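Everything below concerns the one structure shown next.
Nothing in this text is a laboratory measurement; each read-out follows from the coordinates by a stated rule. The model shown is predicted, which means the values in this text are computed figures rather than measured ones. Cβ coordinates were reconstructed from backbone atoms using ideal geometry, including for glycine residues, and neighbour counts include every protein chain displayed.
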Amino acid sequence: VGFQKILTLTYVDKLIDDVHREFRDKYRNEFQQKGALGLLNGTFDFKDDFMRLLRDAEESGKVRAPTVMKTFEQSLKSQKTVKCMIETRGEKPKEKVKPKKNKGSKKEGTEAVAAPGKAPAGDKQPSAAGEKEELSKDEILQKNREEFFKRHMKAGEKSRSPKPEAQKEKGKKPRVWDLGNSNAKVLDYSNSATNGSAEAAPVEEFDPDTVRKSQVATSAFASCSGVHLGVVNPPLRRVTPALLRSAKKGGLGGMFGMLKGLVGSKSLTREDMDPVLEKMKDHLIAKNVAAEIAVQLCESVAKKLEGKVMGTFTTVTSTVKQALQEALVQILQPQRRVDVLRDVMDAQRHRRPYVVTFCGVNGVGKSTNLAKISFWLIENGFSVLIAACDTFRAGAVEQLRTHTRRLNALHPPESHSGRTMVQLYEKGYGKDAAGIAMEAISYARNQGFDVVLVDTAGRMQDNAPLMTALAKLIAVNAPDLVLFVGEALVGNEAVDQLVKFNKALADHSMAQTPRLIDGIVLTKFDTIDDKVGAAISMTYITSKPIVFVGTGQTYCDLRSLNAKAVVAALMKA
């Protein structure tokens with residue numbers, strides 16, 4: 001059944017249908033009563049039935065009677081006589097005669113009317129229909145050629161005027177070809193002065209009329225014989241050393257040209273890359289990359305690749321895509337890397353707290369991610385003091401108090417030798433945020449806390465009074481790390497936020513070297529699927545690393561950025 005082409009059995013289809021029908025009818029009631037369990041647990045005795053069906057199928061395949069061969073008396077060969085098989089030399093062989101049909105008889109009648117003066121052909125002229133059926137294609141083609149030459153020879157004899165035969169000269173003359181030369185001295189290279197010298201060899205001149213006539217004759221023969229000869233070959237030339245050098249040079253050049261094209265020799269131009277870069281730019285913008293940054297990225301890739309030779313079996317699209325991927329990975333892996341744990345241990349050796357300030361616009365998740373980072377620091381054995389410097393938003397202090405209580409429940413003092421791992425420092429609402437941060441840092445130094453996390457109020461980047469207050473808080477307290485908290489849902493807005501936050505910190509700082517943003521916390525990363533362009537926009541505009549990535553609502557949903565995974569999601573179609 002599985003190999004019908006190897007073992008040809010005519011009864012296979014019938015056998016399958018019969019077995020199917022027999023098995024279904026025999027066990028139908030058992031299937032309906034027991035269901036699927038009946039198929040798994042039941043026993044089916046079907047061997048005898050199958051063998052019976054197989055014998056029936058084999059017998060049915062043998063019923064067909066074998067084809068009976070014709071006897072010799074029934075064949076056409078028995079009707080031929082020995083006389084009709086004898087061929088006389090010079091005489092055209094008689095063609096096979098088949099029973100005449102209506103069309104043949106009609107055609108024969110018309111031929112008889114058209115040529116009444118001629119004698120009847122009798123058996124020598126078979127019907128056209130019978131002749132075409134009996135002759136093969138090669139015989140028909142040969143017959144057409146013979147008729148064509150006979151017709152042209154008769155026409156030439158009629159048009160030719162009778163000329164008196166010239167008196168034949170005695171002796172045998174050498175034959176002179178049309179394109180040859182009758183002068184034997186031209187072919188004589190025995191003279192040492194001319195032997196092997198290309199300059200001394202006489203140049204053979206050809207008559208254009210003679211060449212044209214030979215070409216016409218050759219094409220006429222090709223058309224009548226059914227053979228396509230193409231262009232007539234030119235006359236042969238003498239092989240000279242200069243000709244050999246040119247042929248050798250051309251052969252090597254063709255071979256090296258083929259290898260050069262195979263290995264890859266095309267230099268990329270701006271015209272080649274523009275269509276691909278345009279598609280890449282639209283793809284990046286669709287993935288939430290800021291439009292201005294997408295244009296700058298494509299421009300930098302074009303400058304890098306312009307004039308570069310493409311590799312073997314590579315296309316422009318793959319080359320541009322590879323270069324863009326490398327550029328994106330390099331953007332997400334800046335030279336300065338923030339290692340918070342190492343910096344905290346360094347601050348411990350100097351007996352001072354490590355201060356981190358969080359800033360950002362409204363509603364991006366500053367307080368929630370501050371609590372996640374607190375949990376991460378406590379898990380690594382560091383004590384944390386949270387400074388509630390958001391004295392503007394209603395419920396901000398209560399939110400931090402709830403997080404503190406929850407974290408202390410997860411890490412009670414009993415688990416850390418009676419040491420409180422997290423504590424909240426707050427002074428209520430309507431107070432100066434910079435003063436509260438200074439007091440919290442002083443309190444942490446006195447109480448021996450390892451880290452101080454300063455929470456600030458959310459503010460829009462174009463609100464000048466609030467941006468001035470933030471610049472004052474950072475300038476007065478000089479934190480070790482300033483983190484900008486931004487959400488992954490924004491595209492062009494992320495660039496505007498970061499640029500204006502940095503500009504406000506530089507303009508309103510009282511120090512000669514103003515303190516700017518040191519790193520980024522990217523929140524709500526679990527809500528964007530593969531539209532991760534905000535990470536590229538934020539990192540590209542500030543050249544600052546993404547320190548933490550928020551991926552959920554629990555304390556454990558905090559990750560470090562995997563640059564290659566982000567780029568792979570960004571380049572995915």
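Quick notes on this structure:
- Scanning residues 5 or more positions from residue 333 or on other chains, none has an amide H under 5 Å from its amide H, with H placed 1.01 Å from N in the peptide plane.
- Given 372/544; 366/503; 472/531, the pairs whose alpha carbons are separated by over 24 Å: 472/531
- Largest to smallest principal axis extent of the C-alpha atoms in the stretch 307-454, angstrom: 67, 35, 28
- Cα convex hull volume per residue for the stretch 446-533 (Å³): 122
- Mean Cβ neighbour count within 10 Å, used as a protection proxy, ranking 69-80, 401-412, 368-379 highest first: 368-379, 401-412, 69-80
- Rounded to 5, percent antiparallel among DSSP beta bridges of the stretch 340-571: 5
- Only Lys, Arg (+1) and Asp, Glu (-1) charged, at Cβ; the stretch 340-571 dipole about Cα centre in debye: 380
- Each residue of the stretch 340-571 gets 121 Å³ once the volume of the Cα convex hull is shared out per residue.
- Label point at residue 529 placed 7 Å out along Cα→Cβ; residues across the stretch 266-307 whose backbone nitrogen lies under 16 Å: 283-289
- The stretch 312-358 - charge dipole about Cα centre, Lys and Arg +1 at Cβ, Asp and Glu -1, debye rounded to 20: 240
- The stretch 340-571: relative contact order as a whole-number percent, Cα under 8 Å and 6+ apart: 23
- Working note: Karplus 6.51/-1.76/1.60 with θ = phi - 60° gives the stretch 375-381 the couplings 4, 5, 5, 5, 4, 8, x Hz, where Gly and Pro are set to x.
- Measuring nothing but how far apart in sequence close Cα pairs (under 8 Å, 6+ apart) lie, relative to its length, the stretch 263-325 scores a relative contact order of 54 percent.
- Inter-label distance, nm, simple model (7 Å from Cα along the C-beta direction), residue 27/residue 333: 6.2
- Summarising the label geometry, the points placed 7 Å from Cα in the beta-carbon direction at residue 270 and residue 296 lie 2.0 nm from one another.
- Projecting the Cα atoms of 510, 549, 363 onto the charge dipole of the stretch 340-571 (Cβ charges, centred on the Cα centre) puts 510 farthest toward the positive pole.
- Computed from the alpha carbon atoms alone, the convex hull of the stretch 268-332 holds 80 Å³ per residue.
- The stretch 312-346 versus the stretch 488-541: alpha-carbon centroid distance in Å: 18
- Remark on residue 523: its backbone amide H falls under 5 Å from those of 486, 487, 488, 550, a criterion applied only to residues 5 or more positions apart or on other chains, H modelled at 1.01 Å from N.
- Computed P(r) (all Cα pairs; the stretch 379-478; 10 Å bins; percent): 15, 43, 30, 10, 1
- Spatially close lysines, pair count over the stretch 268-332: Cα under 19 Å, gap of eight or more or interchain: 11
- Label sites at residue 350 and residue 44, each approximated as a point 7 angstrom past Cα along Cα to Cβ, lie 8.3 nm apart.
- Fully extending the segment from residue 147 to residue 62, taken as 0.36 nm per residue of separation minus the present Cα-Cα distance, adds 25.2 nm.
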